[in-house]
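Please read the structure below before turning to the comments.
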Amino acid sequence: MTFRIGVVTFPGSLDERDAQRAIRLAGAEAVELWHGEHDLKGVDAIVLPGGFSYGDYLRAGAIAAVSPIMSEVIDAAGTGMPVLGICNGFQMLVEAHLLPGGLIRNAHQQFIRRDQGLRVENADTAWTNEFATGDEIIIPLKNGDGGYIADAETLKRVEGEGRVAFRYTGLNPNGSLNDIAGLTNERGNVVGLMPHPEHAVEAGFGPDTEVAMRSGVDGLRFFTSALRALAAV
Amino acid sequence: MPTIVVDVMPKAELLDPQGKAVTGALNRLSSSRESGSGISEVRIGKRFELTVEGPVTEELRERVREIAADILSNSVIEDVVNIDFGDDAS
């Protein structure tokens, strides 16, 4: 069967079509979902895409996190449905308390866009099971508010429970504590990260790699991981 | 109509990148002065003014406290440092 993965569009979302494309390239059906409705349209998994929902007013992701569809997203996450939050979507997941900690302005105050090295720290989630722990991948990063912070106790718990999904390699791009780029929840079905896997899914349109310009497709495995997780249920 | 003011600040122990940038700018502006700017740190927070229609009842106060804690601030990164209900009982 073909799995259906929903992508929620919020006012100010930017990358919902890229996420839909990534889902199709992975072999699933992409379903458009709308922030103002209480309807998940029977999808099997959900992507909260990048962008600047509500202009980052109040705090990045904060207003989107209380939008109508988020009550359904939170319920679905609670039942084990795979949910991926990318960049602004990650910010929504922490604002909705589905993931611990917070994201603040990059420590150097600058917006940053670069092809970013990541190390997979947890390959046992719904969105990372096609990687091996320790794999090094390249995914585009582009954000202004990507600094991950948490209090000492939360940070200790996140590290101790293996909930760091990805860490930045090389120079820390935004001041994130412990180089944290992405997290998962206790169950492993919810994953959020600042870099953009949906921009690394097709040769010719991805990040530069050592092999060739724009050849990086490491992001595709996020989406094929979700399909594998769904097939295993 | 009464106005309720909610003040939110980034947590003291966490980096405030905006405040840090302003501190740097103040120091640059006054670098020609011998005494410097005289300001060692700037932290930037938020002020919310909530206009309410009716009287500020105890029920409303409680609702505003909840809104301040749940929506206007994120307790992971910020503190609600003051809520001014416009009277002495705040």
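Among residues of the stretch A:93-133 being outside any loop (DSSP other than H, G, I, E, B), open to solvent by 10 Å² or more (accessible area, probe 1.4 Å) and within 14 Å of another protein chain (Cβ to nearest Cβ), the one that is nearest to A:ILE5 (Cα to Cα) is A:GLU95. Mind checking whether some residue in the stretch B:33-45 is touching a residue at least 60 places away in the same chain (Cβ under 8 Å) and open to solvent by less than 40 Å² (accessible area, probe 1.4 Å)? For the stretch B:33-45, residues touching a residue at least 60 places away in the same chain (Cβ under 8 Å) and open to solvent by less than 40 Å² (accessible area, probe 1.4 Å): absent. Assess whether B:LEU50 counts as being touching a residue at least 40 places away in the same chain (Cβ under 8 Å), in a loop (DSSP other than H, G, I, E, B) and within 14 Å of chain A (Cβ to nearest Cβ). Criteria not met by B:LEU50. Taking the stretch B:1-25 as the range and being among the hydrophobic types (A, V, I, L, M, F, W, C) and at the interface with chain A (Cβ under 8 Å from one of its Cβ atoms) as the test, the residues that pass are B:LEU14, B:LEU15, B:ALA21.
Just to verify a result, which residue in the stretch A:164-176, among those that are at pLDDT 95 or above and among the aliphatic types (A, V, I, L, M), is surrounded by the fewest Cβ atoms within 10 Å (Cβ to Cβ)? Among those that are at pLDDT 95 or above and among the aliphatic types (A, V, I, L, M), it is A:VAL164. Determine which single condition A:ALA76 fails, assuming it passes every other condition in (1) open to solvent by 20 Å² or more (accessible area, probe 1.4 Å); (2) more than 14 Å from every other protein chain (Cβ to nearest Cβ). All conditions pass for A:ALA76, except number (1).
When each of A:GLU202, A:GLU161 is tested for being of a type in the set (D, E, K, R), touching a residue at least 60 places away in the same chain (Cβ under 8 Å) and surrounded by fewer than 24 Cβ atoms within 10 Å (Cβ to Cβ), the lone residue that passes is A:GLU202. Picking from residues in the stretch B:53-90 that are away from every other protein chain (no Cβ under 14 Å) and assigned to a strand (DSSP E or B), the one that is surrounded by the most Cβ atoms within 10 Å (Cβ to Cβ) is B:ILE83.
Can you find even one residue in the stretch A:214-225 that is aromatic (Phe, Trp, Tyr) and surrounded by 15 or more Cβ atoms within 10 Å (Cβ to Cβ)? Yes, some residue in the stretch A:214-225 is aromatic (Phe, Trp, Tyr) and surrounded by 15 or more Cβ atoms within 10 Å (Cβ to Cβ).
With the condition kept exactly as written, say whether any residue in the stretch B:28-39 is modelled with pLDDT under 90, over 19 Å from the mean Cα position of the chain (by Cα) and part of a helix (DSSP H, G or I). Yes: the stretch B:28-39 contains one or more residues that are modelled with pLDDT under 90, over 19 Å from the mean Cα position of the chain (by Cα) and part of a helix (DSSP H, G or I).
The values are calculated or read from the model by the stated rules, or taken from the named source; none is laboratory data. Quick caveat, the model's predicted, so the values are computed rather than measured. Note: ideal-geometry Cβ built from the backbone for every residue, glycine included; neighbour counts use all protein chains shown. Only protein heavy atoms, including side chains, enter the accessible area calculation; ligands, DNA and RNA are left aside. Shrake-Rupley method; radii C 1.70, N 1.55, O 1.52, S 1.80 Å.
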